[in-house]
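Notes to accompany the following structure.
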Amino acid sequence: MSALAAMMEASRLLSPLIITAVSYFLLGMLGQMMAIPPGYATVVWPASGVALGAALIWGRGVLPGVFLGSFLVNSYISSSTADVQLQLLIPLVIAAGATLQAAVGATLCRKFVGFPFPFHQPLQVLRFLLLGGPVSSLLNASISCSALLLFGVMKADGFIANW
């Protein structure tokens, strides 16, 4: 394989990953405008939709892009934390949860809905919305909120509201 062919193949493989990471980061920063104190949880998180869509369209290869985008957003959020270890640890745990959410959501949608699926069939749309939305989202919410509680960033009485 020539060097040019190798570079083109690398570009073809990295493009979806980079698009996913940048999109996740930008929509994550937009989502932060609706954050619930202490700033990690939001009512709407459009970056999750990008992560699910990317995982469905491009497959597991984009999951590192989800991880990177989530890590960068949460690193920005945690940069005001005085504890340097938490500035790294919290974004890592939340990024792992976001990546797992996208992977599980895509797997559930492929298995129980199919992809692509006919959007004109209400039952398929409902399954997609439930599995790709609340079912997979609760996974990351549980991981992230538990980490924030464990690391003392969030008080126990704020767990349910943030979850």
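The values are calculated or read from the model by the stated rules, or taken from the named source; none is laboratory data. Remember, predicted model here, so these are calculated numbers, not experimental data. Note that each Cβ is placed from the backbone with ideal geometry, even for glycine, and that neighbours are counted across all protein chains shown. SASA here: full protein model, heavy atoms, side chains in, ligands and nucleic acids out. Shrake-Rupley method; radii C 1.70, N 1.55, O 1.52, S 1.80 Å.
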Subject >> Filter result (buried (at least 19 other Cβ atoms within 10 Å of the Cβ) and within 17 Å of Val113 (Cα to Cα)) within the range 41-68 >> reply: Leu52, Ala54, Ala55, Leu56
Original post:
Which residue pairs have Cβ atoms under 8 Å apart, sit 6 or more places apart or on different chains, and have a first residue in the range 68-96 that is in a loop (DSSP other than H, G, I, E, B) and a second that is surrounded by fewer than 21 Cβ atoms within 10 Å (Cβ to Cβ) and at pLDDT below 90?
Top reply: Ser79/Gln87; Thr81/Gln87; Thr81/Val153
Original post:
Looking at (1) within 11 Å of the chain's Cα centre (by Cα); (2) not in a helix (DSSP H, G or I), which is the only condition Phe119 fails?
Top reply: (1)
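Could you say which residue among Asn74, Asn140 is more than 23 Å from Leu56 (Cα to Cα) and open to solvent by less than 70 Å² (accessible area, probe 1.4 Å)?
Working: Asn140 fails: more than 23 Å from Leu56 (Cα to Cα).
One residue alone meets the criteria, Asn74.
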**OP:** Consider Val104 carefully, then state whether it is part of a helix (DSSP H, G or I), more than 10 Å from the chain's Cα centre (by Cα) and under 16 Å from Leu138 (Cβ atoms).
**Re:** yes
**OP:** Being β-branched (Val, Ile, Thr) and more than 21 Å from Pro134 (Cα to Cα) is the filter; apply it to the range 41-80 and report the residue that is modelled with the highest pLDDT.
**Re:** Val62
**OP:** For the range 83-93, state whether one or more residues are at pLDDT 90 or above, more than 17 Å from Ala55 (Cβ to Cβ), of a type outside the set (Asp, Glu) and open to solvent by 80 Å² or more (accessible area, probe 1.4 Å).
**Re:** no
Original post:
What is the number of the single condition among (1) part of a helix (DSSP H, G or I); (2) open to solvent by 40 Å² or more (accessible area, probe 1.4 Å); (3) at pLDDT below 85; (4) hydrophobic (A, V, I, L, M, F, W, C) that Phe128 does not meet?
Top reply: (3)
Original post:
Residues of the range 105-124 being modelled with pLDDT under 90 and aliphatic (A, V, I, L, M), which ones?
Top reply: Leu123
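Out of all the residues in the range 143-156, is one or more outside any helix (DSSP H, G or I), crowded, with 22+ Cβ neighbours inside 10 Å and touching a residue at least 12 places away in the same chain (Cβ under 8 Å)?
Yes: the range 143-156 contains one or more residues that are outside any helix (DSSP H, G or I), crowded, with 22+ Cβ neighbours inside 10 Å and touching a residue at least 12 places away in the same chain (Cβ under 8 Å).
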**OP:** Sort out which residues of the range 65-86 are among the polar types (S, T, N, Q) and within 15 Å of Val153 (Cβ to Cβ), and write them in order of number.
**Re:** Asn74, Ser75, Ser78, Ser79, Ser80, Thr81, Gln85
Original post:
Just wondering, is there one or more residues in the range 104-112 that are closer than 20 Å to Ala147 by Cβ, among the polar types (S, T, N, Q) and open to solvent by 70 Å² or more (accessible area, probe 1.4 Å)?
Top reply: no
